[in-house]
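In what follows, a single structure is set out as structure tokens and then discussed.
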Amino acid sequence: MNRVSAAALPVWFWVFVAYLFLPLFVMAAMGFRDSNFIAFPIHQWTARWYGEVLADAEILSALWVSLQVAVYSTIIAVGVGLPMSFLVARTRGVTRALMIMVIVLPAFLPVVVSAIAIRMFLGNLGLSTGVAAIAFGHAVGSVPFVVIMILTRLSAMSTNLADAARNLGADDIIVMSRIVLPFLAPALFGAVMFCLLLSFEDFVRSFFLGGNDQTFPVLLYARLRFGFDPGLAAISTLVLIASTALGLYAERHIRRRNLGR
């Protein structure tokens, strides 16, 4: 039995890898197809679709909107999540549990319910849809992850560091800027990268809150309604490469900082 398990587990792992990555490889290959429709086999290869999508003003505009939303929502999420993490870290018992429950609640709500609620809330305030509304909605979904990541890092921080600095005459500003924030830097960097990627791929909130400002996922959905062509495969592949590169850079940066300590 142990021998069977030892042989089956690697096979199961590679089946999972194939299940995960084969669709991505197929999508990337379709971007090089010299035809106006998606099908196998690929008789002729071309890179013209990549040139066309990079010159498509509508796609570039949607990518720019997505980038703006990602940056704004990340600033909001980190700006809200950081002080909330400090507050939660200082509480204990039932109060702490209740605070964490409230903070992480948006991560467990159905995204479509959250999007409709935010749309109605902004409408009652007289605020219109657009980039600001999308950024606010994305930040609501990102704050729980920011708080969890920072709290995890804070739990590994010894209180003796801050106490020693205060005993040496450092005030709260010095302790925060020279001890706490540098210690939290890996978690903050990871939270920023996660928020950027999470915002960029958030379709539901962008769809309900975007109005005339289309993000990339919303534009992709709109074009998919008229059929899947190699151009969509090409731009999706480029976005995949950029997202993967950003994620790998974030992982390597955090690992280097941790090893440096």
- Task: State the number of residues belonging to the range 222-249 that are surrounded by 14 or more Cβ atoms within 10 Å (Cβ to Cβ) and more than 18 Å from the chain's Cα centre (by Cα).
- Result: 9
- Message: I'm checking my understanding of the structure. Among residues of the range 44-84 that are modelled with pLDDT under 80 and of a type in the set (S, T, N, Q), which one is surrounded by the fewest Cβ atoms within 10 Å (Cβ to Cβ)?
- Response: Gln44
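For every residue, the table says whether it meets (1) surrounded by fewer than 14 Cβ atoms within 10 Å (Cβ to Cβ); (2) touching a Cys at 6+ places or on another chain (Cβ under 6 Å); (3) not β-branched (Val, Ile, Thr).
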{"site": "Met99", "(1), (2), (3)": "no, no, yes"}
{"site": "Val131", "(1), (2), (3)": "no, no, no"}
{"site": "Phe136", "(1), (2), (3)": "no, no, yes"}
{"site": "Ala139", "(1), (2), (3)": "no, no, yes"}
{"site": "Val147", "(1), (2), (3)": "no, no, no"}
{"site": "Gly169", "(1), (2), (3)": "yes, no, yes"}
{"site": "Met176", "(1), (2), (3)": "no, no, yes"}
- Query: Going by the structure shown, is Phe183 hydrophobic (A, V, I, L, M, F, W, C), out of contact with any Ser or Thr (no Cβ under 7 Å at 6 or more places or on another chain) and within 30 Å of Ala62 (Cα to Cα)?
  - Reply: no
- Selected residue [within 20 Å of Ile241 (Cβ to Cβ) and part of a helix (DSSP H, G or I)] from Ala115, Ala107, Ala97, Ala70: Ala70
- Query: Can you tell which of Phe32, Phe108 is aromatic (Phe, Trp, Tyr) and either surrounded by 15 or more Cβ atoms within 10 Å (Cβ to Cβ) or in contact (Cβ under 8 Å) with a residue 40 or more places away in the chain (or both)?
  - Reply: Phe32
- Message: When you check Val94 against the structure, is it over 14 Å from the mean Cα position of the chain (by Cα), closer than 29 Å to Gly211 by Cβ and at pLDDT 85 or above, yes or no?
- Response: no
- Query: What number of residues within the range 221-231 satisfy the criterion of being of a type outside the set (Phe, Trp, Tyr) and free of Cβ contacts under 8 Å to residues at least 60 places away in the same chain?
  - Reply: 4
- Message: Take Ser61 and tell me if it is closer than 29 Å to Gly190 by Cα and among the hydroxyl-bearing types (Ser, Thr, Tyr).
- Response: yes
- Out of (1) outside any loop (DSSP other than H, G, I, E, B); (2) closer than 30 Å to Leu224 by Cβ, the odd one out for Ser128 is which? (1)
- Message: Cβ-Cβ distance below 8 Å, separation of 6 or more or different chains: which pairs start in the range 151-172 with a residue that is outside any helix (DSSP H, G or I) and end on one that is of a type outside the set (A, V, I, L, M) and crowded, with 16+ Cβ neighbours inside 10 Å?
- Response: Met157/Phe183
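The values are calculated or read from the model by the stated rules, or taken from the named source; none is laboratory data. Quick caveat, the model's predicted, so the values are computed rather than measured. All Cβ positions, even for glycine, are placed from backbone atoms using ideal geometry, and neighbour counts span all protein chains on display.
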